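The values are calculated or read from the model by the stated rules, or taken from the named source; none is laboratory data. These figures come from a predicted structure and were not determined experimentally. Cβ placement follows ideal geometry from the backbone for every residue including glycine, while neighbour counts extend to all protein chains displayed.
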Amino acid sequence: MSATPQYLLDAIEVFRNPELLGEGAPLIDLKAFSYDELKTLIVDGLGEKAFRAEQIHQWLYLHYVRSFDEMTNLSKGLRERLARVSRVSTVEHVGSHVSADGTTKYQFKLDDGAIIESVFLPFESHNSLCISSQVGCAMGCTFCYTAKMGLSRHLSVAEIVDQVVNVRRVAGESDEGVSNIVFMGMGEPLHNLDHVIRACAILTADKGLNFSRRKVTVSTSGLVPEIERFMAESNVQLAVSLNATTDVSRSKIMPINDRYDLEELMTCLRELPLERRQRITFEYVLLKDFNDSIDDAKRIVKLIHGIPSKINIIPFNPHPETPFDIPSEETVEAFQRYLIDHNVSCFRRKTKGREGMAACGQLGKPSEEKKTPRHLRKKLEVLREELG
Ligand code: SF4
């Protein structure tokens, strides 16, 4: 049995002795705990029966309540004890934009005023919700709009989970069901690893949101040590943004490649202990005349050899001031055809939400006052010159 984590031990202590919380200290956020953790907290911290945890969990994740007062099957005394030391956090829905193809971009305001975005994507066979893990991103990928924001901060466990809770709440009955969760919104999830692992546990807990672990996917730009830890500590799916097939070209668009080059990344992926039938998803954004040649497709076949995988190709989604362009339809088809003909399981991601800036790589709102990080500006200038 794994040891009780420190954050839970601390919370139990505060539940037992509310005076430990001190004046002005933040209240304990109940949405930061998995079902089992909440049970431990309620039983060990408050001396209540375990079924109370199940009731609270249902209020949080099935009824989407935002205050203890709404938890009407708890006694007034218990609600008061909970409210003394804890809170039910919520991200505030401040706007939605629905594209013609049904893609909906949701904007949520956090306690500190920061805005994050989540995108609901309806497909024929399933509905995905793309969620954010950070405010902005530190990774500086040159094809990505979010990168221009730089990193403001990590999201808390509750802020990650609450995007899902609130999309369900806002969408109400019209929500035909978010079946899949993808961590491909703002931020590099594995840069916020502790919180993402805990959020995934909450998303997949059968007593609450109950997503199949096969339908939750965390996407990374390629942080090698974090990939290893993530695979050891979480049981949801992994996607890796590949996006280029040589170190020279990958470093131009993904600075992380200077830290973990293709060989190190591929070796790590090849050695991961995958379950039977588990596959790693590679994401490959096709940028016109940059990474969309048949030579690139040939190199992909070699690079992913020996890794149980599939590849999603995503024609570039443009955004203001980008040096990149959308590849032609013929190029995309030829690229995909080459991979399929060479036994690579290759899918073309349908472009959705492009006109509403809700597509892959288009999220966030770089502020006019806060300048694009200097290293990214430099890289973009060089690319602009190179690509004409
Ligand atoms: S592509 Fe992903 S990792 Fe790269 S800058 Fe954008 S949000 Fe960050």
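Tell me yes or no: at least one residue of the range 194-216 is among the basic types (Lys, Arg), without any contact (Cβ under 8 Å) to a residue 24 or more places away in the chain, surrounded by fewer than 17 Cβ atoms within 10 Å (Cβ to Cβ) and in a helix (DSSP H, G or I). Yes, that holds for at least one residue.
Among the residues of the range 144-186, those that are away from the ligand (no atom under 14 Å from the Cβ), β-branched (Val, Ile, Thr) and not in a helix (DSSP H, G or I) comprise VAL178, ILE181.
Scanning the range 215-262 for residues being within 25 Å of PRO315 (Cα to Cα) and charged (D, E, K, R) gives a total of 6. Return yes when THR40 is of a type in the set (S, T, N, Q) and either within 30 Å of VAL167 (Cβ to Cβ) or in contact with a strand residue (DSSP E or B) (Cβ under 8 Å, 6 or more places away or on another chain) (or both) and no when it is not. For THR40, the condition - of a type in the set (S, T, N, Q) and either within 30 Å of VAL167 (Cβ to Cβ) or in contact with a strand residue (DSSP E or B) (Cβ under 8 Å, 6 or more places away or on another chain) (or both) - is met.
Selection of the range 113-143 for residues being more than 15 Å from the chain's Cα centre (by Cα) and within 8 Å of the ligand (Cβ to nearest atom) yields GLY140, CYS141, PHE143. Looking across the range 233-254, the residues that are within 13 Å of the ligand (Cβ to nearest atom) and among the hydrophobic types (A, V, I, L, M, F, W, C) come down to ALA239, VAL240, LEU242, ALA244, ILE253, MET254.
So is HIS191 at pLDDT 90 or above, assigned to a helix (DSSP H, G or I), closer than 30 Å to PRO255 by Cβ and more than 9 Å from the ligand (Cβ to nearest atom) or not? Considered against the rule, which asks whether it is at pLDDT 90 or above, assigned to a helix (DSSP H, G or I), closer than 30 Å to PRO255 by Cβ and more than 9 Å from the ligand (Cβ to nearest atom), HIS191 comes out as no. Only a single criterion out of (1) at pLDDT 95 or above; (2) part of a helix (DSSP H, G or I); (3) more than 16 Å from the ligand (Cβ to nearest atom); (4) not charged (D, E, K, R) is not satisfied by PHE230, namely (3). Condition test on LYS105, is it more than 28 Å from ASP194 (Cβ to Cβ) and among the basic types (Lys, Arg)? Considered against the rule, which asks whether it is more than 28 Å from ASP194 (Cβ to Cβ) and among the basic types (Lys, Arg), LYS105 comes out as no. Restricting GLU283, GLU263 to residues that are assigned by TED's automatic domain parsing to the domain that holds ARG213 and without any contact (Cβ under 8 Å) to a residue 40 or more places away in the chain narrows the list to GLU263.
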